[in-house]
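Below is one structure, written out as structure tokens, with a few remarks after it.
The values are calculated or read from the model by the stated rules, or taken from the named source; none is laboratory data. Computed from a predicted structure; not experimentally measured. Every residue, glycine among them, receives a Cβ derived from its backbone with ideal geometry; neighbour counts consider all protein chains shown. Side chains included, ligands, DNA and RNA excluded: accessible areas come from the protein's heavy atoms. Shrake-Rupley method; radii C 1.70, N 1.55, O 1.52, S 1.80 Å.
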Amino acid sequence: MSEEKVALITAGGSGMGAAAARKLAADGYRVAVLSSSGKGEALAEELGGVGVTGSNQSNDDVKRLVDLAMERWGRIDALVNSAGHGPRAPILDISDEDWHKGMEVYFLSAVRPVRLVVPIMEAQGGGAIVNISTAWAFEPSPMFPTSAVARAGLASFTKIFADTYAAKNIRMNNVLPGWIDSLPATDERRDSIPMRRYGTSEEIAATIAFLLSEGAGYITGQNIRVDGGIARSV
């Protein structure tokens, strides 16, 4: 990379978020990682970056991460929004409280960091954002109701964002993972995948890294399926 670039990763303590942090650090990014477990802070230290132990459901915690990165490096070039797990139940058994919780976990957790980093990216002349979504955002499964509903909303948010900020050289895309090895494996799930295997967190991280790269400079507002062929719609 011709100049030092900085990437923020939320919910980056394990799974796909942690794999993204490792991949971006290997590609030469300075990384700042947020996680509620403390694992993100430890991973960031291991990678020569900075970390915050906190929640992406807290504006204050997200701001601490942004401020820490700006104090250390003075710029933010990339943002990766990962998420935890929201409520699951039969569709009509989900309470109002749990629907709101799902929106917090899967939708607002991405909106909060975007609000904070976009003015920085705009002042720099550009940047790129990737949200880790789900393969079931457009072909929803009753297994993941709050995730599917909230992330369908995230797809709409992403398109509106792209329409608004593409001319300012700020891109946003969603990665839609299917069954990934950070989830429990079952024969039934594996057999439902045309490739007959789970994907790896590293494969998701590689897709994220590409979408943040200059090679993806003409890609914005898109939902990129990385699911081994599960999705049927076009």
Practice task
Consider SER95 carefully, then state whether it is open to solvent by 10 Å² or more (accessible area, probe 1.4 Å) and at pLDDT below 95.
Solution key: no
Exercise for the section: Can you tell me which residue among VAL118, VAL114, VAL105 is of a type in the set (Val, Ile, Thr), under 19 Å from GLU4 (Cα atoms) and out of contact with any Lys or Arg (no Cβ under 8 Å at 6 or more places or on another chain)? Expected result: VAL118
Practice task
Inspect the range 219-233 for any residue being out of contact with any strand residue (DSSP E or B) (no Cβ under 9 Å at 6 or more places or on another chain) and among the hydroxyl-bearing types (Ser, Thr, Tyr) and give the result as yes or no.
Solution key: yes
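Here's the yes/no breakdown for (1) open to solvent by 10 Å² or more (accessible area, probe 1.4 Å); (2) of a type in the set (A, V, I, L, M, F, W, C); (3) under 25 Å from VAL149 (Cα atoms):
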position: GLY51; (1), (2), (3): yes, no, no
position: LEU68; (1), (2), (3): yes, yes, no
position: TRP73; (1), (2), (3): yes, yes, no
position: LEU79; (1), (2), (3): no, yes, yes
position: ALA89; (1), (2), (3): yes, yes, yes
position: HIS100; (1), (2), (3): yes, no, yes
position: LEU108; (1), (2), (3): yes, yes, yes
position: PRO119; (1), (2), (3): yes, no, no
position: ALA135; (1), (2), (3): no, yes, yes
Handout entry: Candidates ILE219, ILE204, filtered to the one that is open to solvent by less than 80 Å² (accessible area, probe 1.4 Å), assigned to a helix (DSSP H, G or I) and not polar (S, T, N, Q)
Key = ILE204
Practice task
Would you be able to tell me the number of residues in the range 16-49 that are part of a loop (DSSP other than H, G, I, E, B), within 19 Å of ASN131 (Cα to Cα) and open to solvent by less than 40 Å² (accessible area, probe 1.4 Å)?
Solution key: 0
Handout entry: The one condition in (1) surrounded by fewer than 17 Cβ atoms within 10 Å (Cβ to Cβ); (2) of a type outside the set (S, T, N, Q); (3) part of a helix (DSSP H, G or I) that PRO194 fails to fulfil
Key = (3)
Practice task
Among what's in the range 1-15 and is within 14 Å of LEU212 (Cβ to Cβ) and outside any loop (DSSP other than H, G, I, E, B), pick the residue that is most open to solvent (accessible area, probe 1.4 Å).
Solution key: LYS5
Practice task
Would you check which residues across the range 179-212 are acidic (Asp, Glu) and at pLDDT 90 or above and list them?
Solution key: GLU202, GLU203
